[in-house]
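To keep things clear, I will list the structure first and then write my remarks on it.
The values are calculated or read from the model by the stated rules, or taken from the named source; none is laboratory data. Note that this is a predicted model, so its numbers are computed, not measured. Here the Cβ is made from the backbone with ideal geometry for all residues, glycine too, and neighbour counts use every protein chain on show.
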Amino acid sequence: MAFIARQKDDAPVQIANIASSEQISHKFLESILLTLRKAGFLGSKKGKGGGYYLMKPSSEIRMIDVIRVLEGPIAMLPCVSLNFYEKCADCPDENTCSIHKLMIEVRDNTLKVLRNNYLSDLV
């Protein structure tokens, strides 16, 4: 997405150009771009002059939203996830678990950084 956002015009960018410039496997990149298109971050145009383009200005695309689509939960442990909570199988009591408290702090700070950064900040 950063590569697409760096382009001077709004013309669609071909997968081959992104893969070559960013040194990413064509097949792997296709999968990522399809996921981002389905999530509404990218649009695509087929045929001559086709490729992928941003659906919104890069200044409106929050990194937290992109990371959640590509990576899933932000939290490092499921017991501190806001959207995908699961109790840890080997934890007797979350309220007294020192790791749990630390991971909440990590989660909260990660969320803060990702909420306050946009695709345009990477360009």
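A compact table of results
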quantity	calculated
Positions within the stretch 22-41 being β-branched (Val, Ile, Thr) and exposed (fewer than 14 other Cβ atoms within 10 Å of the Cβ), in sequence order	35
Some residue of the stretch 55-73 being of a type in the set (Gly, Ala, Ser), surrounded by 13 or more Cβ atoms within 10 Å (Cβ to Cβ), touching a helix residue (DSSP H, G or I) at 6+ places or on another chain (Cβ under 8 Å) and at pLDDT 95 or above	yes
Flag for residue 10 being touching a residue at least 12 places away in the same chain (Cβ under 8 Å) and exposed (fewer than 12 other Cβ atoms within 10 Å of the Cβ)	yes
Residue count, the stretch 47-97 (criterion: more than 19 Å from the chain's Cα centre (by Cα) and of a type in the set (D, E, K, R))	6
Options 52, 85: the member that is out of contact with any Phe, Trp or Tyr (no Cβ under 7 Å at 6 or more places or on another chain), surrounded by 11 or more Cβ atoms within 10 Å (Cβ to Cβ) and either within 18 Å of residue 117 (Cβ to Cβ) or in contact (Cβ under 8 Å) with a residue 40 or more places away in the chain (or both)	52
